[in-house]
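Scroll down for the structure; my scribbles are underneath it.
The numbers here are math on the coordinates, done by the rules we state, and not lab data. For clarity, every value in this text was computed on a predicted model and none was experimentally measured. A quick note on method: Cβ atoms are made from the backbone with ideal geometry, for glycine too, and the neighbour counts reach across all protein chains shown.
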Amino acid sequence: MNVRGKWHRLNQLTKLILVALVILGVGAAIPLTVQRMDMESSSKQIEYVFDYRDLIEVSEYQSRPQQFLEENLQLLKDAGITSMSVYESSLKELMQAGRLTYYNEKDAALLQGKFPDERTHFTYVLFTGPEEERLIAPIIKDALDTFQVSYSPWSFEGRKGLVIEQASADVVLKPMDYDPMTLQTLKEFGFNILPRPTDRIPYDSEKAAAQLNRLKQYGVKRLLFDGDKATGAADQAELKSLDSFGELLNQENIGLVAIENLKKPQQGINKLAFITDYNVARLYSLSPEDSAEMTKEGIADRFLLAAKDRNIRMFFLNTMIKQNPQRTGLIHSADKLASIMGGENGVIEQLTEAGFPPGDAHAFTYSVPSWDKPLRAVVALGAVAIIALLIAAFIPAVIIPVFVLGLIGSAGLFVLNSSLLEQGLALGAAVAAPTLGVIWVLNRIYARTIGDRRMVGGELWTESPSVSESGQETKWIFPNQSIKRRFGLALNWFIVATLISLSAVPLVTGLLNNITYSLVLEQFRGVSVLHFAPIILVAIYVFFYSTNSFGGVIKRIRGALSQPITVLWVCIAVVLAAVGFYYLSRTGNAGKVSAIELLIRNWLESSFGVRPRFKEFMLGHPPMLLGLFLALRYRASWLLIIAGVIGQLTMVSTFTHIHTPFYISSIRTLLGLGTGLIIGCLFIAVWLVLEGAWRKWMPKNVMKKVSE
């Protein structure tokens with residue numbers, strides 16, 4: 001045997017070894033998946049939070065603001081709202097809360113019956129009463145000292161206050177400590193308190209420790225950062241402030257809250273989450289506009305989907321003041337939210353019946369056993385193997401060096417950035433498996449059809465078959481086989497291709513088996529690549545890889561590149577670009593859907609509890625099954641198989657949403673498969689009816705030419 005033959009045999013043996021490694025990697029991922037499912041079931045309670053600042057702002061427009069506040073706090077408490085969010089104070093908010101009144105230079109002069117001093121633009125503060133002066137004055141003074149702003153005592157008609165040597169427009173921007181009177185009021189009403197600290201105050205570890213200690217005395221269990229930075233993020237490089245603040249959080253046993261759907265995570269929260277051992281709960285915020293416009297059913301559906309599908313354990317409710325549509329006054333949604341959330345068949349009751357009772361939001365309980373890293377190493381080996389198999393499907397002779405280079409590169413990347421390695425291998429495996437599954441099907445089709453497969457530029461529907469460069473005939477219609485055999489083969493191929501595609505699922509979930517992905521502190525990267533690469537690779541395989549030699553593939557590629565660009569090709573490119581743009585617009589969390597599809601989604605959600613993905617059961621699986629059924633008869637049907645790749649890759653994509661519980665993704669995929677197969681069978685039945693009618697009514701001479 002010559003060197004070429006020996007190399008070919010060695011490649012074939014390597015391919016078998018790589019398949020075995022993939023299977024081994026899939027098996028190693030099973031315990032990791034079970035561990036993840038245990039973690040996902042460790043936290044079920046839902047905490048409902050209302051924005052107290054919104055309530056204060058609405059109260060400003062009421063004739064009796066204090067009475068309004070008390071009535072609505074009790075109303076929300078009775079409805080089942082368990083927590084109130086409070087922000088760091090400012091002069092404006094303290095005045096809104098009724099703690100003080102502040103004046104600019106002109107207003108203060110008018111108050112005292114004097115002419116304003118044109119040489120200064122100071123701010124004048126008067127406290128509402130002695131208790132406000134005792135509790136609030138230290139907060140203001142501490143903030144002014146921090147920002148090095150001078151102040152002095154001031155009083156008017158028996159009320160004590162301060163003169164702040166800075167313009168009021170500047171002073172109101174200074175962040176201050178939390179209002180202790182507000183904290184006490186909310187505690188007396190029985191609410192949990194969710195503070196919203198910022199990173200606008202220069203970090204001071206002693207002050208931070210004192211503040212957290214005070215908050216802990218009010219029963220605070222978590223912090224929800226306000227703005228785009230966590231406390232201490234700005235000073236981390238110089239003061240290691242995040243490390244300091246994280247340790248303080250651990251000392252007080254205070255956790256964090258991560259907000260869903262931010263454009264980018266709040267700066268520093270990943271670091272704090274790591275230091276606090278991921279004592280983090282995920283939060284979804286209902287906007288003021290949605291709270292005013294959405295119905296009870298809409299809010300209940302949204303909250304249930306978030307709790308069930310995205311592991312959300314805190315819901316943040318907002319309200320706002322706006323003009324009545326009839327222009328008869330101002331309205332807000334606080335009382336509407338209380339009515340919707342509480343009472344019989346309210347949102348809280350519906351979520352409770354679905355298995356998510358109200359209570360304090362708890363972080364997921366997780367552990368990292370000693371066998372975690374070894375198993376993940378085996379899973380990584382399986383991912384490298386399946387990526388090498390994909391490359392070998394297009395360039396068979398390089399399977400050995402590709403696998404070796406993959407191992408070396410993975411080892412080097414692990415040393416530099418293990419997270420990047422996991423994400424890269426997860427993306428590679430997610431692309432490789434569905435592509436290999438469909439390539440396996442195409443090879444089965446190639447083995448059962450006549451002639452060299454498809455010529456670039458071959459004429460369509462000629463009386464005699466086209467002749468390829470290899471001298472073989474290129475036929476568009478193959479000898480007929482029984483419907484039963486074609487359907488049996490199509491179903492068998494579909495099942496095997498699906499199993500190959502789903503082999504990526506344990507590899508992806510095993511590689512990304514980390515609490516950071518469940519909390520969306522890290523995410524699967526390359527969603528757009530996953531949704532396009534398999535389609536493009538399968539299309540290349542259909543058009544160029546149906547020949548028996550790699551040399552023939554090169555000739556076909558050269559032939560395609562030498563084709564003149566015609567108006568027809570330009571039109572086809574424009575159509576494909578439009579389809580690709582629409583397809584991409586539906587990809588990811590921000591994907592757009594039509595009104596009709598929303599109705600179908602809601603019906604599926606209410607009927608099955610979990611809705612299958614539209615791209616699976618309508619755009620993917622039915623064209624795939626129909627294409628496989630027609631593939632042994634009509635060459636043009638291979639285009640349907642290319643479209644059917646959407647269903648295969650979307651199944652894998654479902655499991656890349658690590659924040660979705662694994663059992664939910666499994667149910668969604670099985671429902672998509674079942675529904676897609678049923679619709680695919682209906683497509684086949686419709687085709688047979690149309691084909692029968694066509695055969696019956698078409699002229700006999702045309703039928704004779706087609707049969708030839």
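Some observations on this one:
- Lys, Arg +1 and Asp, Glu -1 on Cβ, resulting dipole of segment 201-279 about Cα centre, debye, nearest 20: 240 debye
- According to the calculation over all Cα-Cα pairs in segment 192-331, the P(r) per 10 Å bin from zero is 11, 36, 28, 18, 7, 1 %.
- Under-5 Å amide H pairs with E88, H placed in peptide plane, nonlocal only: R196
- 3J(HN,Hα) couplings calculated from phi for segment 68-81 with the Karplus curve 6.51 cos²θ - 1.76 cosθ + 1.60 (θ = phi - 60°) are, in sequence order, 4, 4, 5, 5, 6, 4, 5, 4, 5, 4, 5, 6, x, 5 Hz; Gly and Pro show x.
- Cα-only Debye scattering, segment 494-549: base-10 log of I(q)/I(0) at q = 0.16, 0.24 Å⁻¹: -0.71, -1.07
- Diffusion coefficient (Stokes-Einstein, Kirkwood radius over C-alpha pairs, 10 °C, 1.306 mPa s) for segment 38-110: 107 µm²/s, rounded to a whole number.
- Working ranking of peptides 402-409, 688-695 by packing, defined as the average number of other Cβ atoms within 10 Å per residue, highest first, is 402-409, 688-695.
- Cα lying deepest toward the dipole's positive end in segment 209-362, options L224, M294, L351, charges on Cβ: L224
- Per-pair calculated FRET efficiency, R0 = 35 Å: L110 and R214 via Cβ, rounded to 0.05: 0.40
- Under a 5 Å amide H cut-off, with hydrogens placed 1.01 Å from N, E47 pairs with M314, F315, G359, A361 among residues at least 5 apart or on other chains.
- For the peptides 523-530, 312-319, 611-618, 430-437, residues were scored by their other Cβ atoms within 10 Å and the scores averaged per peptide; the highest-first order is 430-437, 312-319, 611-618, 523-530.
- More than 17 Å apart - percent of Cα-Cα pairs taken over segment 255-356: 60 percent
- Selection from S152, Q112, V171 lying farthest towards where the dipole of segment 89-177 points positive, charges on Cβ: Q112
- Sum of side-chain charges, Q12 neighbourhood, beta-carbon under 15 Å (Lys, Arg +1; Asp, Glu -1): +4
- Residue-wise HN-Hα coupling along segment 193-210, computed from phi with Karplus coefficients 6.51, -1.76, 1.60 (Hz; x: Gly, Pro): 10, 10, x, 10, x, 10, 10, 8, 9, x, 6, 9, 4, 5, 5, 4, 5, 5
- Kirkwood hydrodynamic radius of segment 89-177, from inverse mean 1/r over distinct Cα pairs, in Å: 12.9 Å
- When the Cα positions of A433, A363, S418 are compared along the charge dipole of segment 343-453, A433 comes out farthest toward the positive end, with charges on each C-beta of Lys, Arg, Asp and Glu.
- 5 angstrom amide H check on R222, placed H, neighbours 5+ away: G255
- Cα gyration tensor, segment 224-286 - rounded (a/c under 1.5), prolate or oblate: oblate
- J(HN,Hα) series, segment 219-235, from Karplus relation 6.51 cos²θ - 1.76 cosθ + 1.60, nearest Hz, glycine and proline x: x, 5, 10, 9, 10, 10, 5, 9, x, 9, 9, 7, 4, x, 5, 5, 9
- Applying 0.36 nm per residue to the separation of F189 and A411 and subtracting their alpha-carbon distance, the gain on full extension is 74.2 nm.
- Rg and Dmax of segment 1-64, based on Cα coordinates, read 30.7, 99 Å.
- What you get for segment 89-177, charging only the Cβ of Lys and Arg (+1) and of Asp and Glu (-1), is a dipole of about 120 debye around the Cα centre.
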